[in-house]
Amino acid sequence: MNVLVTGGCGFIGSNLVRLLLAERPDWRVVNLDKLTYAGNAESLADLRDHPRYRFVRGDIGNGELLADVMRTERVEAVMHLAAESHVDRSILAPSVFIDTNVRGTQVLLEVARALSVRRFLHVSTDEVYGSLGPTGLFTEETPLAPSSPYSASKAGSDLLALAYAHTFGLPVVVTRCSNNYGPYQFPEKLIPLMIANAVRDRSLPVYGDGMNVRDWIHVEDHCRGLVAALEKGKAGQVYNFGASSERHNIHIVKQVLQLLGKPESLIQYVKDRPGHDRRYAIDSAKAQRELSWTPRHRFEEALAATVRWYVENRGWWERILTGEYLKYYETQYGGR
Ligand code: NAD
Ligand code: TYD
């Protein structure tokens with residue numbers, strides 16, 4: 001099968017491209033990525049000469065380019081991950097989130113429809129459901145109530161994808177996953193940011209009281225879920241993915257410090273994120289039942305392995321922490 005992965009140079013995309021090439025030996029993978037600040041061609045540099053892999057630098061908002069690539073490569077299935085993905089950036093500058101996540105997704109859907117692809121996997125997020133109180137889990141039936149510009153733009157694209165299934169019969173499957181962690185995550189997200197700061201003895205900025213809860217899943221488990229949804233999901237359906245690993249942020253920050261042998265005095269409580277969702281927690285029973293998918297990684301061991309990966313691959317993230325990122329860090333965290 002010929003698959004187009006969008007956003008393959010990002011965190012989840014690069015892990016997915018590797019998984020597809022390793023575990024689907026008769027698939028050809030075309031990775032279309034704009035290489036924004038979050039896209040890093042270095043994450044897949046070793047695949048440059050791989051016979052079943054091609055990288056195209058491009059914007060999902062460019063319909064002509066998409067149609068040309070998809071025709072030339074005879075793309076049969078799309079796995080759509082390209083997005084602006086960071087909540088804090090969506091608060092500082094929301095426009096590009098609409099351009100890429102909403103408008104870009106619609107352009108891609110339109111080209112997929114015109115070329116009659118056999119499958120369109122839209123990679124959405126549990127953040128479209130909004131925030132939970134102290135109890136309960138998100139199911140696929142939970143009403144969408146996004147609270148940040150990021151999650152609102154993802155809800156827009158999620159609903160557009162489902163509308164293309166309903167209205168035009170495009171064979172769309174939507175997945176909604178909880179917070180990922182693992183190798184190749186851009187060091188602006190909680191876990192890699194805390195590791196990179198702790199390694200360099202810099203302060204660890206914890207928003208609010210540190211008691212917000214996220215439900216963590218290892219990126220490889222998410223990627224296996226995406227393959228299962230592509231292969232076994234029913235058109236027009238939504239599947240939640242999560243690994244039942246709810247943790248308070250402060251607990252994770254302390255674990256990272258412990259794993260690195262650094263003192264808790266590095267923790268610095270900072271001003272809360274505006275509109276900060278309190279708790280996310282996922283019910284993934286439908287995916288487990290209908291896609292025969294189950295998460296393999298346990299949080300504590302996989303977090304330790306992730307910390308080791310960042311220690312051993314310091315060059316990868318240090319090269320990122322320059323230029324544009326420094327400007328962002330200054331705006332987001334001030335002089336800290
Ligand atoms: P990321 O920010 O690491 O990567 C996004 C990639 O998309 C980058 O390589 C970037 O260059 C590319 N991109 C951005 N705009 C583009 C455009 N206009 N055209 C082409 N490429 C473009 O994000 P991620 O964490 O890997 O997330 C991937 C997808 O998974 C996103 O759709 C995100 O909403 C979703 N998701 C992420 C998580 C998570 O915890 N990270 C959880 C659930 C869902
Ligand atoms: P993040 O990794 O940005 O993911 P999301 O907001 O999409 O869930 O943040 C995870 C949690 O960590 C969230 O509750 C915000 C918190 N957080 C901090 O406390 N400090 C930070 O510097 C960052 C980036 C996040």
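The values are calculated or read from the model by the stated rules, or taken from the named source; none is laboratory data. Computed from a predicted structure; not experimentally measured. With ideal geometry, Cβ positions are generated from the backbone for all residues, glycine too; neighbour counts draw on all protein chains shown. Quick note on the areas: whole protein, heavy atoms, side chains included, nothing else; ligands and nucleic acids left out. Shrake-Rupley method; radii C 1.70, N 1.55, O 1.52, S 1.80 Å.
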Does segment 289-301 include one or more residues that are in a helix (DSSP H, G or I), modelled with pLDDT of 95 or more and open to solvent by less than 20 Å² (accessible area, probe 1.4 Å)?
-> yes
Can you name every residue in segment 185-214 that is under 16 Å from Thr306 (Cβ atoms) and more than 9 Å from ligand 2 (Cβ to nearest atom)?
-> Phe186, Pro187, Ile195, Ala196, Ala198, Val199
Output the number of residues of segment 10-37 satisfying the condition of being in contact (Cβ under 8 Å) with a residue 40 or more places away in the chain and open to solvent by less than 10 Å² (accessible area, probe 1.4 Å).
-> 6
Pairs under 9 Å by beta carbon, first residue on the phi > 0 side of the Ramachandran plot in segment 112-135, partner away from ligand 1 (no atom under 11 Å from the Cβ) and among the aliphatic types (A, V, I, L, M), six or more apart or different chains?
-> Ser116/Leu170; Gly130/Leu144; Gly130/Ala145
Residues of segment 38-50 being among the charged types (D, E, K, R) and either touching a Cys at 6+ places or on another chain (Cβ under 8 Å) or touching a residue at least 12 places away in the same chain (Cβ under 8 Å) (or both), in sequence order, are Glu42
Residue within segment 129-141 that is closer than 24 Å to Glu76 by Cα and either among the aromatic types (Phe, Trp, Tyr) or open to solvent by 20 Å² or more (accessible area, probe 1.4 Å) (or both) present | no
What pairs can you find where one residue is in segment 152-168 and of a type in the set (A, V, I, L, M, F, W, C), the other is assigned to a helix (DSSP H, G or I) and open to solvent by 10 Å² or more (accessible area, probe 1.4 Å), and their Cβ atoms are less than 7 Å apart, with a gap of 6+ or different chains?
-> Leu160/Gln106; Phe168/Arg113
Across segment 60-75, which residue is farthest from Val111 (Cα to Cα) among those that are in contact (Cβ under 8 Å) with a residue 40 or more places away in the chain and open to solvent by 50 Å² or more (accessible area, probe 1.4 Å)?
-> Arg74
Test: Ser148 is modelled with pLDDT of 95 or more, crowded, with 24+ Cβ neighbours inside 10 Å and at negative phi | no
Take the residues of segment 189-214 that are away from ligand 1 (no atom under 16 Å from the Cβ) and within 19 Å of Gly315 (Cα to Cα): which is surrounded by the most Cβ atoms within 10 Å (Cβ to Cβ)?
-> Ala198
Which numbered condition trips up Tyr328, out of (1) hydroxyl-bearing (Ser, Thr, Tyr); (2) surrounded by fewer than 13 Cβ atoms within 10 Å (Cβ to Cβ); (3) in contact (Cβ under 8 Å) with a residue 60 or more places away in the chain?
-> (2)
